[in-house]
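Only the coordinates and a few stated rules stand behind these numbers; no lab work does. Values in this document were obtained by computation on a predicted structure and should not be read as measured data. Cβ: placed from backbone, ideal geometry, glycine included. Neighbour counts: every protein chain shown.
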Amino acid sequence: MIILSRNECPFPPSNTVLPKIKKYVISLNRYEVPELSESLITKLSDYVGISEGYVHLVPGSEAFFVYLREYMLMEHLHFVFSSPTFVPAQEDLSVVGIKTYDIPLTKCFKLDYARLKSFGDKKKVLYIINPNNPTGNKVIGCKLIPRLLQHYKLVVLDEAYYEFSSLTCKNLVHEYPNIIILRTFSKAFCLAGARIGYFLAEPELTKAVMRTARKYDISILSLSAALGALESIDYMNHVVEKIKRIKEYVVEAISRISDIQVLDTLCNFILIKKEGYSSTRLSNELLKHGIMVKPLQGRLNEYVRVSIGTEKEMREFLSAIKKIR
Ligand SMILES: Cc1ncc(COP(=O)(O)O)c(C=O)c1O
């Protein structure tokens, strides 16, 4: 099975990861190695260009949403997002009784800034992904975000695809006390299985949002993997460039197939649709050829999202898509 449904990195982690894991394996009898998280924060602060006190580790973005959910419950907050988008653990929010509101993206998949602004109040948390998953485009520029910050209790800006797009509003965390910028090691750093990410925020805000986090939430193995990955930013850049080149080749090849339409993105995935096929039918057909993609719903229900894999995987994907009749 070729898995192109989760926006994972198709390449192994950098060869600087294993030596770091080996170095810290001996300490697995302990709950923590303080020097390890300290070094990781220092390295991250250098990498991101934001002071250490504003950098916080989490066991993946999905886990961050568990802390956020508890914070919203304690503060009686509501959650606002703009479909089509990816909301980690969205069902959980409604299950625990948090009100969620969808202010859909505009026709060209931008944030509906005017509606969002008038809808905002200090009881609401606004979640934005930029560039967005699954539309893959820039939904807002950094200049407009401070105005939204005035209207919302908190804005969570997810920059999971930062390394592919170079889009970031990271500097806003130094100016505004109610923004969180969320990042992950799962995509460009090829560490999805290590379950580790980080966010940037003003320290008082972090304290409030992380009230229910456990002290030893992130394993020593995950911390050392992330530290190892940061030792080779060159490898990460090489991976990102390679994925972009493969994406270009796939987009070009698909655009020559008459009944298939392709939408390119600023991320590590593309969207495709085939004339006369729903997203579910197209993904089921691909599944018959051993290829797993993500069928989209709602306004994008004719499209499937295809994560960019290795050259070999994408050649198989192209050959499969041509066979569907
Ligand atoms: C926007 C966005 N945020 C977060 C994640 C998941 O990140 P993590 O692996 O850190 O939980 C994804 C994964 O597809 C994503 O698209």
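Reported to the nearest whole Å, the Cα centre-to-centre distance from region 262-325 to region 121-187 is 28. Between the residues 161, 19, 78, the greatest Cα displacement towards the positive end of the dipole of region 17-231, with unit charges on the Cβ of Lys, Arg, Asp and Glu, is found for 78. Each peptide in 82-95, 257-270 gets a packing score, the mean of other Cβ atoms within 10 Å over its residues, and the list from highest to lowest is 257-270, 82-95. The alpha carbons of the chain stretch over 56, 52, 35 Å along the principal axes, in descending order.
A Förster distance of 25 Å, applied to the separation of the beta-carbon atoms of residue 114 and residue 70, puts the FRET efficiency at 0.20. Relative to the current alpha-carbon distance between residue 26 and residue 6, full extension at 0.36 nm per residue lengthens the span by 3.9 nm. The sum of -39500 (n - 2.57) across all DSSP H runs of n ≥ 4, divided by the residue count of the chain, sets its helix-only mean residue ellipticity at 222 nm to -11500 deg cm²/dmol. The phi-based Karplus calculation (6.51 cos²θ - 1.76 cosθ + 1.60; θ = phi - 60°) puts the 3J(HN,Hα) values of region 23-35 at 4, 9, 4, 4, 9, 5, 6, 9, 6, 8, 10, x, 4 Hz, whole numbers, x for Gly and Pro.
Sequence gap at least 6, Cα distance under 8 Å: using those rules, report the relative contact order of the chain to the nearest whole percent. Averaging sequence separation for qualifying contacts and normalising by length gives 25 percent for the chain. Could you state the number of Å between the C-alpha centres of region 90-120 and region 61-76? Computed from Cα coordinates, the inter-centre distance equals 17 Å. Just list whichever of 247/294; 23/242; 43/153; 242/274; 242/322 have alpha carbons separated by over 20 Å in the model shown. Violating the 20 Å limit, Cα to Cα: 23/242; 43/153; 242/274; 242/322.
At each listed q (0.11 Å⁻¹), what is the log10 of I(q)/I(0) that the Debye formula gives for region 58-206 modelled as equal alpha-carbon point scatterers? Taken in order of the listed q values, log10 I(q)/I(0) reads -0.37. Given +1 at the Cβ of Lys and Arg, -1 at the Cβ of Asp and Glu and no other charges, the dipole of the chain around its Cα centre is 740 debye to the nearest 20. With a Förster radius of 22 Å applied to the C-beta separation of residue 38 and residue 204, the computed FRET efficiency comes to 0.60.
Near residue 303, the amide H atoms lying under 5 Å from its own belong to 279, 296; only residues 5 or more places off or on other chains count, and H is placed 1.01 Å from N.
Near the amide H of residue 291, within less than 5 Å, lie the amide hydrogens of 2, all on another chain or at least 5 residues away, with H placed in the peptide plane.
A simple spin-label model places pseudo-atoms 7 Å from Cα toward Cβ; at residue 233 and residue 121 they are separated by 4.4 nm.
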